[in-house]
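Data block below; observations after.
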Amino acid sequence: MFKTRLISGILLVIVALFAIVSGGDILFGILLVLSLIGMSELYKIADVHKKLLGVTGYVAAAAYYILLHRVAAGKAPGAFVAGQINEITCIGILFLIVLMAVYVFSFPKYRSEQVMLTYFGMFYVAVMLSYIYQTRLLAHGAFLVGLVFICSWGCDTCAYCVGMLIGKHKMAPKLSPKKSVEGGIGGIVGAALLGVLYAAAINYFAPDVQASALAYAFICAVGGMISQVGDLAASAIKRNHDIKDYGKLIPGHGGVLDRFDSVIFTAPVIYYLAVTIMK
């Protein structure tokens, strides 16, 4: 299992690097596919992944990404003006109306919990993941988007190592018995240190970027803290529905939601921190 996880993990990093460096339509397409797969994994829990309710969710996600792509090709890539925010809000409202129409006109085929999970899934997976693409559109976005993965995967690795060494106090004993408070703190500190090293590497290899070590450390620390919430949130959903993994797409790691659970939460945080702090 370790060998399988290692190989698939290396391949995953290679694909992520390729997508980040390429940016543009390649990154956009990969994120759209990952979003639809992740939504399907979540919809399987409510048994709507192959039903009209689930299809409505997939269509809403595709509509959102089409709008996002149109915005990216507009006057202000990576930033939504008031009118564009209204368009996105409109998609959310129309999505809810269509979902409720499917619900009432096919009653009692679906339960209200299935409708709510379908609506939640589009925003939880598709909208949150799209912030990787939005971050890539920012000035020096090729470097900034790396912070998303440093915060999530780097924090997870550091938290695991510190937890194994000195972890004593359980963070969420009923949800994830192996996670400790010490490990969580170690993950945040480790993510901040990785942010400093990342900034130093950028300044060395791309001096024109002028990455701020302090800003990167702060962003990674906050992102690392949020990433742990994302990790535990995904675990909570699995525990509620008594499943081990969301899927089997990534050998040794599970599905998209198993591997990107922390990234989902970290991506929008990194985007807004970068916009606020980096101007």
Inset, instruction - Can you tell me the order of 48-61, 3-16 when each peptide is scored by its average per-residue count of other Cβ atoms within 10 angstrom, highest first? - result: 48-61, 3-16
Inset, instruction - State log₁₀ I(q)/I(0) for the chain at q = 0.08, 0.10, 0.11, 0.12 Å⁻¹ as given by the Debye formula over alpha-carbon point scatterers of equal weight, solvent excluded. - result: -0.35, -0.55, -0.66, -0.79
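What is the percent carbon and sulfur in the accessible area of the stretch 94-157, measuring with a 1.4 Å probe over the protein chains and ignoring ligands?
Working: 2050 of 2730 Å².
So the carbon and sulfur contribution to the accessible surface is 75 percent.
Calculate for the chain the 222 nm mean residue ellipticity that helices alone would give, adding -39,500 (n - 2.57) per DSSP H run of length 4 or more and normalising by residue count, nearest 500 deg cm²/dmol. Intermediate results must be reported in sequence, preceding the final value.
On the way: 12 runs with 204 residues, N = 279.
The helix-only estimate for the chain comes to -24500 deg cm²/dmol at 222 nm.
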Legend entry - In the stretch 169-279, lysine pairs closer than 26 Å at Cα, eight or more apart or cross-chain: 14
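Ignoring any ligand, DNA or RNA, what whole percent of the accessible area of the stretch 162-279 comes from carbon and sulfur when the probe is 1.4 angstrom?
Numbers: 4220 of 6290 Å².
Of all accessible area on the stretch 162-279, carbon and sulfur atoms account for 67 percent.
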Legend entry - Tensor-based shape of the stretch 94-207 (alpha-carbon gyration tensor, a/c under 1.5 rounded, otherwise prolate or oblate): oblate
Inset, instruction - Please give the net charge around Ala159, taking every other residue with its beta carbon less than 11 angstrom from that of Ala159, where Lys and Arg add +1 and Asp and Glu add -1. - result: -1
Inset, instruction - Before anything else, pin down the relative contact order of the chain: Cα pairs under 8 Å, at least 6 apart, normalised by residue count, whole percent. - result: 21
Inset, instruction - Quote the charge dipole size of the stretch 162-279 about the Cα centre in Debye, to the nearest 20; the model charges only the Cβ of Lys and Arg (+1) and of Asp and Glu (-1). - result: 420
Legend entry - the stretch 135-279 - accessible surface per residue (Å², probe 1.4 Å): 50
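So how strong a dipole does the chain carry about its Cα centre when Lys and Arg Cβ are +1 and Asp and Glu Cβ are -1, to the nearest 20 debye? Show your work: numbers first, answer last.
Details: 21 positive and 13 negative charges, 113 e Å.
Value, rounded to 20: 540 debye.
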Inset, instruction - For the chain, return all DSSP H helices satisfying: extent of Cα atoms along own axis at least 20 Å; mean Kyte-Doolittle hydropathy at least 1.6. - result: 2-22, 82-105
Legend entry - Positive-end extreme of charge dipole, the chain - chosen from Gly230, Leu194, Ala267 (charges on Cβ): Gly230
Inset, instruction - Could you list the residues of the stretch 107-145 with an amide nitrogen less than 15 Å from a label point located 7 Å from the Cα of Ala63 in the Cα-to-C-beta direction? - result: 119-120, 122-123, 127
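Over the stretch 1-73, with the other protein chains present, what is the accessible area per residue in square angstrom, probe 1.4 angstrom? Don't skip to the end; give the middle numbers.
Values: 3770 Å² over 73 residues.
Solvent-accessible surface per residue comes out at 52 Å².
The values are calculated or read from the model by the stated rules, or taken from the named source; none is laboratory data. All values reported here derive from a predicted model rather than from experimental measurement. So basically every Cβ, Gly included, is an ideal-geometry build from the backbone, and we count neighbours across all protein chains shown. Heads up: the accessible areas ignore ligands, DNA and RNA and are worked out on the full protein's heavy atoms, side chains in. Shrake-Rupley method; radii C 1.70, N 1.55, O 1.52, S 1.80 Å.
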